[in-house]
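The values are calculated or read from the model by the stated rules, or taken from the named source; none is laboratory data. Keep in mind the model is a prediction, meaning the values are calculated, not measured. Virtual Cβ from ideal backbone geometry, glycine too; neighbours counted across all protein chains shown. The area values use the complete protein model at the heavy-atom level, side chains included, leaving out ligands, DNA and RNA. Shrake-Rupley method; radii C 1.70, N 1.55, O 1.52, S 1.80 Å.
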Amino acid sequence: MELFIAIFTGTIIAATPLIFAALGELVVEKSGVLNLGIEGMMLMGAALAFWAVTAGYPMPVAILAGALAGAAASLLFGVLALTFLTNQYAAGLALAIFGSGVSAFIGRGFGSDPIEALHGVSMPILSDLPVLGPLLFRFDPLVYLALLMFVAISWFLYRTKAGLILRTIGESPQTSHAIGYPVIRIRYMAVLFGGLMAGLAGAYLSVAYTPLWVENMTAGKGWIALALVVFATWRPLRVLLGAWLFGGMTILQLQGQALGLQVPSELLSALPYLATIVVLVLISRNRQILALHFPASLAKPFRPAG
Amino acid sequence: MRIRIEQRPEPSATMRIAAPVLASVLTLIVGSVFFASLGHDPLPTLYAFFIEPLSSMNGLSEWLLKASPLILIACGLAIGFRANVWNIGAEGQFTMGAIAASGVGLFWPNPDSALLLPLMFLAGMAAGMAWAAIPAFLRSRMNTNEILVTLMMTYIATLFLSYLVHGPWRDPAGFNYPQTALLPAAAMFQSFDPAYRVNSSIFITVVAVLLMWLFADRSFLGYKMSVSGAAPLAARYAGFRESAAVWIGLLAGGAAAGIAGMAEAAGPLGQLSPQISPGYGFAAIIVAFIGRLNAFGIVLGGLLMSLLFLGGEGVQMTLALPSALTRIFQGILLLFLLAADFFIFYRIRLVRPAPDAHAPETAR
């Protein structure tokens, strides 16, 4: 039972940064924009949140700082991709490289001392329930926020007019523009939201998941989040399920190392990356499934005619 | 008066050349502000960063030594980028090339053989190509996004290298450091002068640049690749299959990166350790873009980028500035270049307020 609880809660926690980053990217891609810079935005968020904690700011402020750092970074991408009509692949890559450099710069003085991590909540009665308490009611607030964001984004995309407009823009910016929707402005907002979520994901890594600073501590999680969006075929529920799947993979790998499995630790560490490839292959083979929810104008620059 | 952005009737040839210059100047300006904010006088710092490394023979040697792999890898990547094939995993292909070449160098039965270096060259190239063939196969057969696969393959290659140097290939006489034994002398490129590290592998890069130029600008296949990137539909009507572009693009990048890894192992490194690349594979992506995906542009881009590496190391030692500056400079340069490219296709005009109501959408 102890092991089950450890694996279950570990999975939920490991999935949380992926949920934030991938849900944010889902909204961006639904608006027809492909931002490959998640890794860079996450690193900026992680660095700034960590810095805020060490500078003595309260935890909520630090997390907000991380989220805003991600949004600020995404603005760079937005200006390039939306205003300057740069190839979105190139702009996203530039952001990934830039973010890794800036975060390393910010983090140069951090050393390797851990900070006090974000606490789990303590709910009256619920947290003290046997089994259910540790399984469901003792996580840190950001874990619950991630689930809340899932609900909010699903509702926004499929139950609100604004969500419909966003999806329409992702399908056909020309038509949307002709109807009179401000395509560029809405895409900017989507990109900023994606940056906010990626920054939040990074902040979660540095103040909750592994409360210490390591250069390039995202270790590819930003790229895995990108893969998750493809895996999810642009549907929020499958983003959530996919994130848990990857979270589980990470935890099993850590548990495997702890149990002293007779395989090289590097092989276990490679599992999430291998799994990403396998999952991408399985999902990409079926072009019909991919095409069903694929935003038709994804990664195509748009400029109002005239 | 308001600012109005309008499309040029034709892409501007002047801006195509001016954009990298403009981006470099803007990067320098941002860099100066940055240095000033860190409490360093900008001008001497810029001098230390960009001029001082080139003022000694040793500096020049190091400059070429670092530019060579960047140019080589960027040439390979650019062939793919021209066809919209996004190989982002050159770092992994570089790593695999270094591993395979070092494996041959360490374990070949006759360590004095004159064949050793050519064999290592082939092994490095084959390993880089093999590592790139996996995403090529997955993309062409399974429709799998090559950006994500090449990146994941990079993480796997790095872990594989870590496994080898911590495990089976660790030098038993190496005081428990995670590194292999030194490569035998016959497995090393000769330095031009024992006092400096730049070595004969630089000729590989020269040949690669010429090959890249011949292929991309002078061959029919290269032309078809470019068409495939610029207008996939047109290419398909002309009977050029997308999968051909995918295979050629990825294998060219993999071969170049693998050879660069081999040259690094058989040159300045001389052995494998967990950190064999200061990010050449990623920096080469920027080099390819700064060089306009053009062979001779890439040479200039590679020289500029290696100067950033060198200057970064220099100010880290002399002025105690953080090494992350290099990557920040690289990122800013790329960001500015991408933005400056806008003016190849568009121009900014100051216009009087338009009397008609249709203007606001196009005006900013």
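Summary table
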read-out: Residue within region A:280-302 that is over 18 Å from B:Asn145 (Cα atoms) and over 16 Å from the mean Cα position of the chain (by Cα) present; value: yes
read-out: Region B:259-303, residues that are part of a helix (DSSP H, G or I) and over 30 Å from A:Ala91 (Cβ atoms); value: B:Met262, B:Ala263, B:Ala265, B:Ala266, B:Gly267, B:Pro268, B:Leu269
read-out: Condition check for B:Leu300: more than 11 Å from every other protein chain (Cβ to nearest Cβ) and either in contact with a His (Cβ under 8 Å, 6 or more places away or on another chain) or surrounded by fewer than 23 Cβ atoms within 10 Å (Cβ to Cβ) (or both); value: yes
read-out: Residue among A:Ala62, A:Ala73, A:Ala22, A:Ala91 that is within 24 Å of B:Phe343 (Cα to Cα) and modelled with pLDDT of 95 or more; value: A:Ala73
read-out: Breaking point among (1) within 14 Å of chain A (Cβ to nearest Cβ); (2) open to solvent by less than 40 Å² (accessible area, probe 1.4 Å); (3) farther than 16 Å from B:Gly128 by Cβ; (4) of a type outside the set (A, V, I, L, M), for B:Thr154; value: (3)
read-out: Search result, residues across region A:28-42 that are part of a helix (DSSP H, G or I) and open to solvent by 10 Å² or more (accessible area, probe 1.4 Å); value: A:Lys30, A:Glu39
read-out: Verdict on A:Gln288 being free of Cβ contacts under 8 Å to residues at least 40 places away in the same chain and touching a Pro at 6+ places or on another chain (Cβ under 8 Å); value: no
read-out: Number of the exception - B:Ala136 against (1) of a type outside the set (D, E, K, R); (2) open to solvent by 10 Å² or more (accessible area, probe 1.4 Å); (3) more than 10 Å from chain A (Cβ to nearest Cβ); value: (2)
read-out: Of the criteria (1) surrounded by fewer than 20 Cβ atoms within 10 Å (Cβ to Cβ); (2) touching a Leu at 6+ places or on another chain (Cβ under 6 Å), which one A:Ala227 fails; value: (1)
read-out: The one condition in (1) open to solvent by 70 Å² or more (accessible area, probe 1.4 Å); (2) under 19 Å from B:Asn294 (Cβ atoms); (3) in contact with a Gly (Cβ under 9 Å, 6 or more places away or on another chain) that B:Arg197 fails to fulfil; value: (2)
read-out: Any hit, region B:108-129, residues being touching a residue at least 40 places away in the same chain (Cβ under 8 Å), within 14 Å of chain A (Cβ to nearest Cβ) and open to solvent by 20 Å² or more (accessible area, probe 1.4 Å); value: no
read-out: Helices (runs of 4 or more DSSP H) (entirely within region B:179-255) containing at least 3 residues that are under 25 Å from the mean Cα position of the chain (by Cα); value: B:202-213, B:220-230
read-out: Criterion (without any contact (Cβ under 8 Å) to a residue 40 or more places away in the chain, at the interface with chain B (Cβ under 10 Å from one of its Cβ atoms) and at negative phi) met by exactly one of A:Phe98, A:Phe4, A:Phe84; value: A:Phe84
read-out: Flag if B:Ala173 is on the phi < 0 side of the Ramachandran plot and open to solvent by 60 Å² or more (accessible area, probe 1.4 Å); value: yes
read-out: Some residue of region B:242-252 being of a type outside the set (Asp, Glu), touching a Pro at 6+ places or on another chain (Cβ under 8 Å), over 24 Å from B:Leu138 (Cβ atoms) and touching a residue at least 12 places away in the same chain (Cβ under 8 Å); value: no
read-out: Region A:49-73 - residue that is farther than 20 Å from A:Ala146 by Cα and in contact (Cβ under 8 Å) with a residue 60 or more places away in the chain and, of those, farthest from the other protein chains (Cβ to nearest Cβ); value: A:Val53
read-out: Matching residues, region A:210-230, being under 14 Å from the mean Cα position of the chain (by Cα), more than 21 Å from A:Ala72 (Cα to Cα) and either in a helix (DSSP H, G or I) or not small (Gly, Ala, Ser) (or both); value: A:Ile224, A:Ala227, A:Leu228, A:Val229, A:Val230
read-out: Residue satisfying condition, being charged (D, E, K, R) and free of Cβ contacts under 8 Å to residues at least 60 places away in the same chain, within set A:Arg238, A:Arg303; value: A:Arg238
read-out: Residue ID - most open to solvent (accessible area, probe 1.4 Å), chosen from residues in region A:275-306 that are more than 10 Å from every other protein chain (Cβ to nearest Cβ) and of a type in the set (S, T, N, Q); value: A:Gln288
read-out: Residue in region B:88-99 that is open to solvent by less than 30 Å² (accessible area, probe 1.4 Å), assigned to a helix (DSSP H, G or I), under 30 Å from A:Lys300 (Cβ atoms) and small (Gly, Ala, Ser) present; value: yes
read-out: Enumeration of residues in region B:305-320 that are away from every other protein chain (no Cβ under 14 Å), over 14 Å from B:Leu46 (Cα atoms) and touching a residue at least 24 places away in the same chain (Cβ under 8 Å); value: B:Ser306
read-out: Among the residues listed as B:Ser277, B:Ser323, B:Ser273, the single one being at pLDDT below 85 and either within 13 Å of another protein chain (Cβ to nearest Cβ) or open to solvent by 10 Å² or more (accessible area, probe 1.4 Å) (or both); value: B:Ser323
read-out: Region A:247-274: number of residues that are open to solvent by less than 70 Å² (accessible area, probe 1.4 Å), part of a helix (DSSP H, G or I) and more than 12 Å from chain B (Cβ to nearest Cβ); value: 7
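Residue-wise test of (1) over 17 Å from the mean Cα position of the chain (by Cα); (2) part of a helix (DSSP H, G or I); (3) among the hydrophobic types (A, V, I, L, M, F, W, C).
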residue	(1), (2), (3)
A:Ile5	yes, yes, yes
A:Ala15	no, yes, yes
A:Ile19	no, yes, yes
A:Met44	no, yes, yes
A:Tyr57	yes, no, no
A:Pro60	yes, yes, no
A:Ala69	no, yes, yes
A:Gly78	yes, yes, no
